[in-house]
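The values are calculated or read from the model by the stated rules, or taken from the named source; none is laboratory data. Note that the structure is predicted; figures quoted are calculated from it, not measured. We place every Cβ from the backbone using ideal geometry, glycine too, and count neighbours over all the protein chains shown.
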Amino acid sequence: MPEPRVALDGVEMSFDGVRALDGFSFAAGAGEIVGLLGPNGAGKTTALHILLGFLKPTKGEVRVLGMSPFERRYDVYARVNFTSAYVQLPFNLTVERNLRIFAELYNVPEPEKKISALVERLGLGALRKAKTGALSSGEQTRLNLAKSLLNDPEVIFLDEPTASLDPDIADRVRELLKAERKERGVTMVYTSHNMAEVEALCDRVIFLNKGRKIAEGTPAEIRAKFGQETLEGVFLKVSREGAE
Ligand SMILES: Nc1ncnc2c1ncn2[C@@H]1O[C@H](COP(=O)(O)OP(=O)(O)OP(=O)(O)O)[C@@H](O)[C@H]1O
Ligand SMILES: [Mg+2]
């Protein structure tokens, strides 16, 4: 089996006595879209932050593109990216300026061309000169997504990337993510509370509850395992009854 692009092995993470992850392991290969699902506080964001090297786990192994994000931070950051509905780019800069700064940081070869293409695909064309602080939350989410695609990442970590998007834009974003996967084989590790979207986008889903993996498989396998017609049904069952 080829080396996975992303892997956690036996990861534990405690915050002052709160165990956010409790022996969590998973891996994702090239071109896979893996969804991390689970109730509020399950440990999803913590897992992404560990993969990004923002948080050092109390125990366990972390590998991204075969490297430790703690030991080879900049080699990893050159080849991955991250977007979250909860991270904002500097408010006083325009959309264009923010993207330009990141393009320079990432050494994007033809920044103007890349920025124009992403801005077009994400429907931000008319907002290029707008101050980032003046954008609606859905527009900021799209700007964050544009930022996360600037360096043609091999792996993207997406924390609720479609939260606050209207249904039309959310659909366009899903199409864009699928196209990125098809064209470049990008690996995505993604969280969402929108179960219909997860079914539409993910090859594989992992259900977390209280820091533990309680189920993993294709959306169809998970539905069958829990005897539910939808992932929404699985979610309700899992979060109300806990692990079986
Ligand atoms: N910096 C921190 N300090 C203390 N506790 C934290 C910290 N970050 C997360 N936690 C705790 O760890 C647990 C997991 O949090 P996490 O943010 O990973 O959940 P999540 O699955 O992303 O939830 P949500 O769906 O609400 O985004 C929670 O109990 C949370 O309170
Ligand atoms: Mg979260």
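Examine the range 99-109 for a residue that is within 16 Å of ligand 2 (Cβ to nearest atom) and surrounded by fewer than 19 Cβ atoms within 10 Å (Cβ to Cβ), and state whether such a residue exists.
Just the residues of the range 99-109 that are within 16 Å of ligand 2 (Cβ to nearest atom), to begin with: none.
No.
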Task: Residue in the range 159-167 that is farther than 20 Å from Thr230 by Cα, without any contact (Cβ under 8 Å) to a residue 12 or more places away in the chain and either out of contact with any strand residue (DSSP E or B) (no Cβ under 7 Å at 6 or more places or on another chain) or not assigned by TED's automatic domain parsing to the domain that holds Leu8 (or both) present - done: no
Open item on the list: Consider the range 53-98. How many of its residues are part of a strand (DSSP E or B) and within 16 Å of ligand 2 (Cβ to nearest atom)?
Closed with: 3
- [ ] Could you list all residues from the range 1-11 that are within 20 Å of the chain's Cα centre (by Cα) and not in a loop (DSSP other than H, G, I, E, B)?
- [x] Val6, Ala7, Leu8, Asp9, Val11
- [ ] Filter the range 36-57 down to residues that are under 14 Å from Phe82 (Cβ atoms) and of a type in the set (Gly, Ala, Ser) and give me whichever is farthest from ligand 1 (Cβ to nearest atom).
- [x] Gly53
- [ ] For the range 17-52, enumerate the residues that are assigned to a helix (DSSP H, G or I) and of a type in the set (Ser, Thr, Tyr).
- [x] Thr45, Thr46
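Here is a yes/no grid of residues against (1) hydroxyl-bearing (Ser, Thr, Tyr); (2) at pLDDT below 95:
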position	(1), (2)
Gly35	no, no
Thr45	yes, no
Ile50	no, no
Lys56	no, no
Arg72	no, no
Ala85	no, yes
Asn92	no, no
Glu96	no, no
Leu105	no, yes
Open item on the list: Going residue by residue through the range 201-224, is there one that turns out to be surrounded by fewer than 22 Cβ atoms within 10 Å (Cβ to Cβ), among the charged types (D, E, K, R) and without any contact (Cβ under 8 Å) to a residue 24 or more places away in the chain?
Closed with: yes
Open item on the list: Checking the structure you have, find out if any residue of the range 8-24 is assigned by TED's automatic domain parsing to the domain that holds Glu232, more than 15 Å from ligand 1 (Cβ to nearest atom) and at pLDDT 95 or above.
Closed with: yes
